[in-house]
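Nothing in this text is a laboratory measurement; each read-out follows from the coordinates by a stated rule. Because the structure is predicted, anything quoted here is derived from the model rather than measured. Cβ atoms come from the backbone with ideal geometry, glycine included; neighbour counts cover every protein chain shown.
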């Protein structure tokens, strides 16, 4: 027969453990991945984790390319950085507050609107073999720094697509690198770059930038992502138009980056391509089937593409293809919503 002291101790321990909170879940796996005993591909395999398995963060000294985690049943180990997404990042993106102008959606962008400080982070790319920093590996550090920001806006301003198209950029068509800008050139950009905005429209086309791995000394990809090639390491180039009858040359380019894509498990090419007017450059137009979308992110000017603008063309323009209306972009994109059955639905929530 158990003593009263033993019973009291058992009850006390039971209450103690019942009151102990379950460790917060910080990450979710994005694929089948091995939990390893130490941060190395040669580390002993402790368990194979399934996709969408939630993990809590362990507070230990960081190791490049690896995340220290604990499983829901308490097993501690390491997983590759590219195989998990940050659940707090996704939650923050979904809570961005969109601020309409007093009369509704703003038709002009106010340079006095707040521009949040840029937060950056390195990421592992090319099969977790390379650390790609906020400046990438190109020569235009300023542009790459803006493209690779890792923060999320607490609020954004609802603006029309035409408001973005109307921002000044023609004086900058003469350069493809902001290192060549004069003070007058910078003065055209600084008042607007970094403002968080939300714009409604339609994807005229979506172009994932993933490609095959290069051979020999050949390079592929883009400098912000250290010339990487896998889907998880590359941007999407999405042409946003105000009306599904508009063509790509009237678009504002909006780009999810690896840093935002990795934390949004529902952002897949298979899900987003059918939303567009054209599924591929050679596909027939599907203006009636295109979905209305709402994109949130940061204003940024990309000086690399003046030859992609019809207004810049001076000869044989009818024989050329143009891909944008302005150098201004929404880049990076931090949230995508789709209008369905009379309500806006987060792209992550769509089947």
Q: Would you mind computing, in nm to one decimal, how far apart the modelled labels at residue 41 and residue 345 are, each placed 7 Å from Cα along Cα→Cβ?
A: 4.0 nm
Q) If one takes the longest principal axis of the Cα atoms in the chain, at what angle in degrees, from 0 to 90 and to the nearest 10, does the Cα axis of helix 4-19 lie? A) 0 degrees
Q: First check a/c for segment 250-346, with a ≥ b ≥ c the square roots of the eigenvalues of its C-alpha gyration tensor; if it is under 1.5, answer rounded, and if not, answer prolate when a/b is larger than b/c or oblate otherwise.
A: oblate
**Q.** Intensity falloff of segment 155-279 expressed as log10 I(q)/I(0), Debye formula with alpha-carbon point scatterers, at q = 0.10, 0.23 Å⁻¹
**A.** -0.40, -1.35
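So if each residue of separation counts as 0.36 nm, and I subtract the Cα-Cα distance between residue 73 and residue 25, what length gain in nm does that give?
Working: separation 48, 0.36 × 48 = 17.28 nm, distance 1.19 nm.
Extending this stretch completely gives an extra 16.1 nm.
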Q | Overall form of segment 95-349 per C-alpha gyration tensor (a/c, 1.5; a/b vs b/c) | A | rounded
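Listing 27, 145 from the residue with the fewest other Cβ atoms within 10 Å to the one with the most, what is the order?
Details: 27 22, 145 17.
So the ranking, lowest neighbour count to highest, is 145, 27.
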Q.
Of all beta bridges DSSP finds with both residues in the chain, what is the antiparallel percent, to the nearest 5?
A. 85 percent
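Sort segment 192-251 into rounded, prolate or oblate with this rule: let a ≥ b ≥ c be the square roots of the eigenvalues of the Cα gyration tensor; rounded if a/c is under 1.5, and if a/c is not under 1.5, prolate when a/b is larger than b/c, oblate otherwise.
Values: a/c = 3.15, a/b = 1.89, b/c = 1.67.
Judged from the Cα gyration tensor, segment 192-251 comes out prolate (a/c at least 1.5, a/b above b/c).
For residue 184 and residue 314, FRET efficiency with R0 = 25 Å and r from the beta-carbon atoms, rounded to 0.05? Could you put the intermediate results ahead of the total?
On the way: r = 23 Å, r/R0 = 0.93.
For residue 314 and residue 184, the calculated efficiency is 0.60.
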Q: Kindly put 170, 319 in sequence by how many other C-beta atoms sit within 10 Å of each C-beta, fewest to most.
A: 319, 170
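Just rank 255, 162, 200, fewest to most, by other beta-carbon atoms within 10 angstrom. Write out the running numbers ahead of the final one.
Details: 255 23, 162 13, 200 18.
Ascending number of Cβ neighbours within 10 Å: 162, 200, 255.
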Q: Give, in nm to one decimal, the length gained when the segment between residue 289 and residue 63 is fully stretched (0.36 nm per residue of separation minus the Cα-Cα distance).
A: 76.7 nm
Q: Obtain the radius of gyration and the Kirkwood radius of segment 98-164 from its C-alpha atoms and give Rg over Rh.
A: 1.13
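Report the gain in length on full extension from residue 245 to residue 279: 0.36 nm times residue separation, minus Cα-Cα distance, nm rounded to one decimal. Don't skip to the end; give the middle numbers.
Numbers: separation 34, 0.36 × 34 = 12.24 nm, distance 1.48 nm.
Difference between extended and current length: 10.8 nm.
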Q. With each run of n ≥ 4 DSSP H residues scored as -39500 (n - 2.57), what mean residue ellipticity at 222 nm is computed for the chain after dividing by its residue count and rounding to the nearest 500 deg cm²/dmol?
A. -3500 deg cm²/dmol
